[in-house]
Amino acid sequence: MNHVIPITPISANKQRKRQQSKGRQVEPATLQDVQNLLGDASRQKDLLIEHLHKINDHFGHLPVAHLVALAQEMRLAQTEVFEVASFYHHFEVHFENDVAEQAVRLRVCDSLSCEMAGAHQLIKNLGERFAGRALKIEAVPCVGRCEQAPAACLGQHEIGNANIERIEQAWAAQATKAQETEHIDYTAYQAQGGYQYLKKCHLGETDKESLFKLMEDSGLRGLGGAGFPAGRKWRLVAAEAAPRLMAVNIDEGEPGTFKDRTYLEQNPHQFLEGMLIAAWAVDVAEIYIYLRDEYHACRAMLKQELAQLRANPPVDDLPRIHLRRGAGAYICGEESAMIESIEGKRGLPRLRPPYVAQVGLFNRPTLEHNFETLYWVPTLIAQGADWFKSQGRNSRTGLRSFSVSGRVNKPGVHLAPAGISLTELINEFAGGMQEGHNLYAYLPGGASGGILPASLAHLPLDFDTLQPYGCFIGSAAIIVLSQHDSAKMAARNTMNFFAHESCGQCTPCRVGTAKASELIQKDQWDLALLDDLSAVMRDASICGLGQAAPNPIDCVIKYFPHELADKCAESEASK
């Protein structure tokens, strides 16, 4: 016998409820706000971070109702918008829907060079001086002005050698916008003969094979830190199927590194010409420049110079150039994480293979380069490969731009022979040690490059020379410590940085950096546990952040055992 199950009619009220969208509803007035802020800009998915910046800049934060409206306007799921907005440090999501103007943000760097220059005391003093004012004081990781330590940003106004008086002056003047840079502009660069090499390429006076050979013969390697041979990269990408794209990394977030910002502030068109020559040689259809968000003045300047370049191009058929803005994520200095960010997503490193040269930006073969690598291209064409190879010391060849900070008289970017030793670099270029300071230790490659003692200051500084000592040069960020500092303090600072900046994608890095940071805060270090953590992070992390994060700890254990034995070894960096 068949049993008939009675069907209960669904009420009209329930039907209406099901017709409504799930989740937060869009408010018409808020949607109009978002539409006004976006203007006539495209709503394509890869512009999500750019549009989040427009809302964040306008309100000083991201009201949740505006994120909901943005999701509808861009035809994205709310989860896509929320996960990106919550990933980047410079976005602040407010769930209470408060759209009133918030307190101005004063971000004070507390990375190693700034800590050594008294950043912690400055932050404490600022809290007392500005109590009761509409100023939100935050300690933040490196802001890329290590040679001007301590550094701060009031809104988008960058303040080097920050102190109470300078910040008070900026506050009184309501200086929260990006200031202008003194640079060689488009007209001046052309008057100096700029873009002549790009013109020769387009006129057929230079062929692509000769450019490939020049890059290979010069021995120029990628200057973002990885050191991959530039000429070989050009050939690899050129051999892939068109259309090909280019991604330029100016996200330099490695504490101690500021060379790209320095050169960009001075001569942006030398970089742009090198970039366009590389694009011509590899037959690139479009170029994406990814600029660090902390570089507000550079962004304003670069927008202006790109507009002039487009309005009066030096050659026909320039590839389309996009300027994309980071949002405060160190991990986006990793090439595949940067590409994810350009695509409007969280900056999570990709697994390899495939490699970026094969499947990169928007799944197309991509020529990815650091700013400084491209900056050298016009000089190499002008001077030749033999000239570049004739530079160098200690059996090394070429030139390196060293970002030097810490206890020296002349911190800054110093162009010096590759293979120079730290002792030579300090004495010949950096003005010697500060008065009352003697060399004690140094970081040869920023936060991730490890820590070496003064007894090894004779080592050649270049690619492949420091690995036998558990270190690497990376982007050539040199942080100099004296007897008033300690390697233990430096390791704590750098590991706090890595714990803060881990993207969280892989467990060895996410948990390992946090656990290591916790362990080394103690007076007595658990060396066996730290050794296990180091091995797991190196072997199992997806990208270089987790793989290199243990370097400072391992170096303290190896080269500074006296600091671990003596609880009183650490001195306050502010002394």
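Please give the FRET efficiency for ALA241 paired with ASP207, using the beta carbon to beta carbon distance and R0 = 22 Å, rounded to the nearest 0.05.
E between ALA241 and ASP207, to the nearest 0.05, is 0.55.
If I model a spin label at ALA285 and GLN266 as a point 7 Å from the Cα along the Cα→Cβ vector, what separation in nanometres do I get?
Using points 7 Å along Cα→Cβ, the separation is 3.7 nm.
Taking 22 Å as R0, compute the FRET efficiency from the Cβ-Cβ separation of HIS458 and LYS558 and round it to 0.05.
Here the calculated transfer efficiency is 0.80.
Rounded to the nearest 500 deg cm²/dmol, what is the calculated helix-only ellipticity per residue at 222 nm for the chain, with -39500 (n - 2.57) per DSSP H run of length n ≥ 4?
Value at 222 nm, helices only: -12000 deg cm²/dmol.
Kindly report, to the nearest 10 Å², the accessible surface of PHE212 as traced by a 1.4 Å probe over protein heavy atoms only.
Result for PHE212: roughly 20 Å² accessible.
Counting only DSSP beta bridges with both residues in the range 190-327, what percent are antiparallel, rounded to the nearest 5?
Beta bridges within the range 190-327, antiparallel portion: roughly 5 percent.
Considering only protein heavy atoms and a probe of 1.4 Å, how much of the accessible area of the chain is carbon and sulfur, as a whole percent?
Taking all protein chains in place, the chain shows 49 percent carbon and sulfur surface.
For GLU240, what accessible surface area do you get with a 1.4 Å probe? Give it in Å², rounded to 10.
Around 60 Å² of this residue is reachable by solvent.
Per residue, how many Å² of accessible area does the chain show with a 1.4 Å probe?
43
I want to check the label-to-label distance for GLU80 and ASN125. Put each point 7 Å from Cα in the C-beta direction and report it in nm to one decimal.
4.9
Using a 1.4 Å probe on the protein heavy atoms only, what accessible surface does GLU428 show? Give it in Å² to the nearest 10.
Spelled out: GLU428, probe radius 1.4 Å, area about 100 Å².
Which length gain, in nm to one decimal place, applies between GLN196 and GLN32 when the Cα-Cα distance is subtracted from 0.36 nm times their residue separation?
Full extension of this stretch gives 54.3 nm more.
In the chain, what percentage of the DSSP-assigned beta bridges are antiparallel, given to the nearest 5?
Counting DSSP beta bridges with both partners in the chain, the antiparallel share is about 40 percent.
Students often forget the sequence filter, so: which aspartates and glutamates lie under 14 Å Cα-Cα from LYS199 once same-chain residues fewer than 8 apart are removed?
ASP207, GLU273, ASP316, ASP317
Kindly sort TYR263, TYR440 by accessible area of their heavy atoms, largest first, with the probe set to 1.4 Å.
I get TYR440, TYR263, largest accessible area first.
Just tell me which aspartates and glutamates come within less than 18 Å, Cα to Cα, of LYS389; anything on the same chain fewer than 8 places away is out.
Hits, sequence-local ones excluded: GLU216, ASP217, GLU372, ASP462, ASP464.
Taking a ≥ b ≥ c as the square roots of the eigenvalues of the Cα gyration tensor of the range 279-327, is the shape rounded (a/c under 1.5), prolate (a/b larger than b/c) or oblate?
Since a/c reaches 1.5 but b/c is at least a/b, the shape of the range 279-327 is classed as oblate.
Which length gain, in nm to one decimal place, applies between ARG166 and PHE362 when the Cα-Cα distance is subtracted from 0.36 nm times their residue separation?
This chain segment gains 66.1 nm when fully extended.
Quick one, could you list the DSSP H helices from the chain stretching 20 Å or more along their long axis (Cα atoms) with average Kyte-Doolittle hydropathy of 1.6 or above?
Passing helices, by number: none.
Is the shape of the range 441-575 rounded, prolate or oblate, going by the alpha carbon gyration tensor and its root eigenvalues a ≥ b ≥ c, with a/c under 1.5 for rounded and a/b larger than b/c for prolate?
Since a/c reaches 1.5 but b/c is at least a/b, the shape of the range 441-575 is classed as oblate.
What aspartates and glutamates sit close enough to LYS45 to cross-link, taking a C-alpha to C-alpha distance under 13 Å and skipping anything fewer than 8 places away on the same chain?
Hits, sequence-local ones excluded: GLU73, GLU80, GLU340, GLU343.
CYS509: net charge of surrounding residues, Cβ under 13 Å, Lys/Arg +1, Asp/Glu -1, itself excluded?
0
Using 7 Å Cα-to-Cβ label points, what is the ALA311/ALA134 separation (nm, one decimal)?
Placing both labels 7 Å beyond Cα along the Cβ direction yields 3.5 nm.
I want the local charge near GLN72. Using Cβ-Cβ distances under 11 Å, sum +1 for each Lys or Arg and -1 for each Asp or Glu among the other residues.
+1
Please work out the FRET efficiency for the pair SER395 and ALA173, using the Cβ-Cβ distance as r and a Förster radius of 45 Å; give the result to the nearest 0.05.
With R0 = 45 Å, the Cβ-Cβ based efficiency is 0.30.
The values are calculated or read from the model by the stated rules, or taken from the named source; none is laboratory data. None of these values were measured; they are calculated from a predicted model. We place every Cβ from the backbone using ideal geometry, glycine too, and count neighbours over all the protein chains shown. Accessible surface areas use protein heavy atoms only, side chains included; no ligands, DNA or RNA. Shrake-Rupley method; radii C 1.70, N 1.55, O 1.52, S 1.80 Å.
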